[in-house]
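Bear in mind that the values in this text are calculations on the coordinates, not laboratory data. What you are looking at is a predicted structure, and each value in this text was computed from that prediction instead of being measured. Note: ideal-geometry Cβ built from the backbone for every residue, glycine included; neighbour counts use all protein chains shown.
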Amino acid sequence: MFHAIIRGARAFYLITLVGLAVALLFPGLGWVEKLERVWGPGRVIQVAGALALLGLVSEHLLGGVTRLRQGTLARALQRLQPVLRHKEAIEILIRALESDDSKVSGTAHRELKRLTRQDLPADPAAWKLWLAEEERAATG
């Protein structure tokens, strides 16, 4: 319900701002004179500026709240599925363990340990088994 109220208020604000912009850009319509009768002479530009400033501040604050909520959700998902967020990278590194080049396999093993925080041997079969168990645990 709160989100619906916020969306409605934002829509009303945007419509009002567009109306003020039209009134100021097209003075021949006579809207400025009508608004000055309500708000007082010379107040249309002040009200339009105040509304624009209010909109910028509110969008910034609401955007911050939205980003905070999205960040919290992303962190929660990462805690729930720490392995699946890097599944493709882990699979590539496991394949790299099979390399004949000891430098490549050694680097892959170090990165697997760093990425997964697991201390498994440099054996691709052990890592594949671990990944399969993690996937089963994450998907339930």
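Using per-residue counts of other Cβ atoms within 10 Å, averaged over each peptide, order 6-13, 45-52 from highest down.
Descending mean neighbour count gives 45-52, 6-13.
Using DSSP to call loops (not H, G, I, E or B), can you name the trypsin sites (Lys or Arg not before Pro) in segment 17-48 whose Cβ has at most 12 other Cβ atoms within 10 angstrom?
none
Using a Cα-Cα cut-off of under 29 Å, which lysines could be cross-linked to residue 128, ignoring same-chain neighbours fewer than 8 residues away?
87, 103, 113
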